[in-house]
Amino acid sequence: MLLSIIIPAYNAESYLSRCIASIYNQDLITSDFEILLIENNSQDSTLECAQTLQKQYAKLSILQQKTQGVSASRNMGIRQAQGKFLLFVDADDYLLPHTLKNALRLADTQNLDLLYFAHQRNKGYILPTEQLRTLPRPKTGTEIYDLLPYTSSACTFLFNRSFLAHQAIYFNESIHIGEDALFVCQSLLYAQNVNIDPHCIYFYELNAHSSTAIVSKEKIFNQCENLSILLAWNLKAEGKNRELIQNLIALTLFQMLEQTAQIKRCTIYPQLRKKLKTIKAYPLQLDSLSRIPKGFHWYLQSIDLMFLYICIWRFYLHYIKPIWK
């Protein structure tokens, strides 16, 4: 079997049919793939919807677990999968028609560890594909990193299952935001055979009610855990590995900046400052902030510039200035 498609599903009754239908609109031979839908104790009719779809579509398996988050669901899928390659799809997203077959053929022919492909967002933003091209021969993850405009989503890669198993790469179940970035970072650091499919395959639905769209103090504190892990990796890294990790440090900080500006309760500032000091995030490595991180151009398109300036000023006043004065 060539492909296992892993779909965590929580309160996804409004989107699930579209997601599953898009997979069956890829010109794939039924025997070449399986769908592992991990239902996560939804509070709506997601399970019933999945059971109805299972009668309609072959190769759709439903797994259930108690509410443990997307990382635990994906890890369950990784352990149950039988395909040579893994594709992670969120239940409220979908695949563009007739795009996956060629990507899967490329990954299989070159026996890749990872294959990166372009994606689209529903605000009209299509990841620029003119700068992407399939390379005549694969590169390592850190070598190809410079060619990738955006790398923090696990849903924009095909992963070789044997590669993940050999390197023991799984999603960190102790964190609940930014888990994709750590998973992708680990994969790129170890991957020896990586290539690119410049075609747009994945449609990322910016759903205002999704877990990633809702900002909370707890989620911002969870970003501190991501930052702590990245800082620990950074101490041991060298060369291109260090550059990759420091880019994710910068991106994590920019994400925290944007999220904290949306929290109206000022009590979060001293609490977060204390948390950052606890994980020894200060003094921040200035070389990790010396360039705008990959993917930040998306923020410039989705956030009003005046709001961005306010974010930066508040971040400086409450976090940087009190530490360095």
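The values are calculated or read from the model by the stated rules, or taken from the named source; none is laboratory data. Treat the numbers as computed from the prediction; the structure is a model and nothing was measured. Methodologically, a virtual Cβ is constructed for each residue, glycine included, from the backbone with ideal geometry; neighbour enumeration extends over all protein chains shown. Side chains included, ligands, DNA and RNA excluded: accessible areas come from the protein's heavy atoms. Shrake-Rupley method; radii C 1.70, N 1.55, O 1.52, S 1.80 Å.
Scanning the range 168-189 for residues that are out of contact with any strand residue (DSSP E or B) (no Cβ under 8 Å at 6 or more places or on another chain), over 23 Å from Glu218 (Cβ atoms) and either of a type outside the set (Val, Ile, Thr) or surrounded by 23 or more Cβ atoms within 10 Å (Cβ to Cβ) (or both) yields a count of 3.
Just to be sure before I move on: is Cys155 assigned to a helix (DSSP H, G or I), open to solvent by less than 50 Å² (accessible area, probe 1.4 Å), at pLDDT 80 or above and closer than 24 Å to Phe33 by Cβ in the structure I sent? Yes: the conditions hold for Cys155. The condition of being over 27 Å from Pro198 (Cα atoms) and touching a residue at least 40 places away in the same chain (Cβ under 8 Å) holds for only one of Gly69, Gly77, that being Gly69. None of Gln56, Gln131, Gln120 is surrounded by fewer than 19 Cβ atoms within 10 Å (Cβ to Cβ) and either touching a strand residue (DSSP E or B) at 6+ places or on another chain (Cβ under 7 Å) or closer than 24 Å to Glu179 by Cα (or both) except Gln120.
For the range 68-85, filtering for residues that are part of a helix (DSSP H, G or I) and small (Gly, Ala, Ser) leaves 4.
With Asn207, Asn222, Asn195, Asn226 as the choices, which residue is modelled with pLDDT under 90 and either charged (D, E, K, R) or in contact with a helix residue (DSSP H, G or I) (Cβ under 7 Å, 6 or more places away or on another chain) (or both)? Being modelled with pLDDT under 90 and either charged (D, E, K, R) or in contact with a helix residue (DSSP H, G or I) (Cβ under 7 Å, 6 or more places away or on another chain) (or both) holds for just one of Asn207, Asn222, Asn195, Asn226, which is Asn226.
Among residues of the range 5-20 that are under 17 Å from Lys66 (Cα atoms) and free of Cβ contacts under 8 Å to residues at least 40 places away in the same chain, those with a Cβ under 6 angstrom from a residue that is surrounded by fewer than 20 Cβ atoms within 10 Å (Cβ to Cβ) and charged (D, E, K, R), sequence gap 6+ or separate chain, pair up as Asn11/Asp44. Looking only at residues in the range 158-167 that are of a type outside the set (A, V, I, L, M) and crowded, with 19+ Cβ neighbours inside 10 Å, which one is farthest from Leu106 (Cα to Cα)? Here the answer is Phe163. From the list Ser17, Ser31, exactly one residue is out of contact with any strand residue (DSSP E or B) (no Cβ under 7 Å at 6 or more places or on another chain), surrounded by fewer than 22 Cβ atoms within 10 Å (Cβ to Cβ) and modelled with pLDDT of 95 or more. Which is it? So the residue among Ser17, Ser31 that is out of contact with any strand residue (DSSP E or B) (no Cβ under 7 Å at 6 or more places or on another chain), surrounded by fewer than 22 Cβ atoms within 10 Å (Cβ to Cβ) and modelled with pLDDT of 95 or more is Ser17.
Filtering the range 80-109 to residues that are open to solvent by less than 10 Å² (accessible area, probe 1.4 Å) and among the charged types (D, E, K, R) leaves only Asp93.
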